[in-house]
Amino acid sequence: MPNGKILVVDDDKNICELLRLYIEKEDFAVELAYDGRRALELFESFSPDLILLDIMLPELDGWQVCREIRKHSQCPIIMLTAKGEVFDKVLGLELGADDYVVKPFETKEVIARIKAVLRRTGGHNDSEVKKVEYDKLSINLTNYELRVNGKQVDTPPKEMELIYHLASNPNRVFTRDQLLDEVWGFDYYGDSRIVDVHVKRLREKLEGVSDQWALKTVWGVGYKFEVKQE
């Protein structure tokens, strides 16, 4: 059995074949797509465990492909961007990308990032149920379901991952850079305002629900999920 299935999406066939060669050496099954529409077709039929996704693609660009996939899947996505291209890290984070690699890249770096992202996201064979519960609050990361007062609240993937991470570590203060590293996993953090945006959206959903816990700002440091001690 392979370690998992990787979908490589790039309009440069030489890059695709090079990546296929090295990824298959690590005992992953690989499929290739050279444009955005084909990538979406293969996503449905191949059901990959991770996608390497170039930004500049024919038919649909990488951002559009990422948006479409994120509508119904949390499959890990590593964006590929050419050196000199402006990579909008905030946009990538917003859309739910898990990491990015700048071309030209070392193939061993790509392999290392694939393995790191699969470890962080639980890979394809993670059977552990990831769930935390507090008064009037249930956060189930296994099925990406947030319930407030027993009712399911529509929550984008990264908001779910952020509140799960904070609530799994009650009363621990995280800096913005720590949250970017541990929730988003980007090596280069760029603009940390993306964390503030996600916290603001979560607060709108959770404000005033319970007096037993709260999503708190620690001024000058970062954020914490504060739980009242008995």
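The angle separating the long axis of helix 107-121 from the principal Cα axis of greatest extent in the chain is about 30 degrees. Only helices enter the 222 nm calculation for the chain: every DSSP H run of n ≥ 4 contributes -39,500 (n - 2.57), and dividing by all residues gives -11000 deg cm²/dmol, rounded to 500.
Taking the stretch 143-160 and a reference point 7 angstrom along Cα→Cβ of ARG172, the backbone N atoms nearer than 18 Å belong to 160. Here the stretch 3-27 and the stretch 62-78 have alpha carbon centers that stand 18 Å from each other. Counting only residues at least eight positions apart within a chain, or on another chain, the aspartates and glutamates with an alpha carbon under 14 Å from that of LYS130 are GLU145, GLU161. Can you give the local net charge around GLU31? Use residues other than it whose beta-carbon is closer than 14 angstrom to its beta-carbon, Lys and Arg +1, Asp and Glu -1. Once positives and negatives cancel, what remains is -3. In terms of accessible area, using a 1.4 Å probe and ignoring ligands and nucleic acids, SER47, SER210 rank largest first as SER47, SER210.
For the chain, carbon and sulfur atoms together expose 46% of the accessible surface, with a 1.4 angstrom probe and every protein chain in place. May I ask you to derive the FRET efficiency for LEU91 and LYS71 from their Cβ-Cβ distance with R0 = 22 Å, giving the value to the nearest 0.05? Calculated value: 0.85. How tilted is helix 13-25 with respect to the longest principal axis of the chain? Cα atoms for both, answer in degrees (0 to 90, nearest 10). Around 70 degrees separate the two axes. Each DSSP beta bridge with both residues in the chain is either parallel or antiparallel, and the antiparallel ones are about 50%.
For the listed residue pairs LYS200/LYS224; LYS13/LYS71; LYS13/LYS108; LYS151/LYS205; LYS136/LYS216, the alpha carbons are over 22 angstrom apart in LYS13/LYS71.
For the chain, the relative contact order works out to 14 percent when only alpha carbon pairs closer than 8 Å and six or more residues apart are counted.
Placing a pseudo-label 7 Å from each Cα along the Cα-to-Cβ vector at GLU204 and SER45 gives an inter-label distance of 4.0 nm. Here the gap between GLU24 and VAL148, fully extended at 0.36 nm per residue and compared with their Cα-Cα distance, gives a gain of 40.3 nm. Sparse packing (at most 16 other Cβ atoms within 10 Å of the Cβ) combined with a DSSP loop state is found for the following GluC sites (Glu not before Pro) in the stretch 1-58: GLU26. Using only alpha-carbon positions in the chain, the gyration tensor eigenvalues give semi-axes of 34, 18, 16 Å once each is multiplied by 5 and square-rooted (largest first).
The values are calculated or read from the model by the stated rules, or taken from the named source; none is laboratory data. On a predicted model such as this, the values are computed, not experimentally measured, just so you know. Please note: Cβ atoms are built from the backbone with ideal geometry, for glycine as well, and neighbour counts cover all protein chains shown. Protein only, heavy atoms only, side chains kept; ligands, DNA and RNA dropped before computing areas. Shrake-Rupley method; radii C 1.70, N 1.55, O 1.52, S 1.80 Å.
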